[in-house]
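Here is the structure we will look at, set down as structure tokens.
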Amino acid sequence: TDEKPTVAEVTDPTLLKDHPFLAKAQKGDFVIIYAIAAKAYLYDAIAHKIIDVGSVTNEAPTPENSVSEVPATAE
């Protein structure tokens with residue numbers, strides 16, 4: 001729909017290793033979150049593929065210092 005995602009780049013994957021959804025994340029991967037649709041995607045921009053898909057909940061926030069937000073762009 002018209003929902004704009006929140007996009008964050010993984011900068012320190014070692015901080016994410018204990019989070020099941022982000023355990024496979026590598027530096028430079030992107031986490032794309034659609035809050036209204038309650039979906040999150042882990043995307044490898046180098047390989048141009050989705051690594052994982054998960055549901056969004058408010059129970060397990062992503063550590064602030066492990067990702068940095070980047071502006072979402074429509075392609």
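The values are calculated or read from the model by the stated rules, or taken from the named source; none is laboratory data. Just so it is clear, the structure is predicted and the values come from calculations on it, not from any experiment. Note that we place each Cβ from the backbone using ideal geometry, even for glycine, and neighbour counts take in every protein chain shown.
Tell me, which strands (runs of 3 or more DSSP E) lie completely within the chain with 2 or more residues that are at pLDDT below 90 and among the hydrophobic types (A, V, I, L, M, F, W, C)?
Because the criterion is at least 2 residues that are at pLDDT below 90 and among the hydrophobic types (A, V, I, L, M, F, W, C), the strands (runs of 3 or more DSSP E) in the chain that meet it are 67-70.
I need the full set of residues from the stretch 10-24 which are within 16 Å of D52 (Cβ to Cβ), in contact (Cβ under 8 Å) with a residue 24 or more places away in the chain and not hydrophobic (A, V, I, L, M, F, W, C), in order please.
If the condition is that a residue be within 16 Å of D52 (Cβ to Cβ), in contact (Cβ under 8 Å) with a residue 24 or more places away in the chain and not hydrophobic (A, V, I, L, M, F, W, C), then P13, H19, K24 are the ones that fit.
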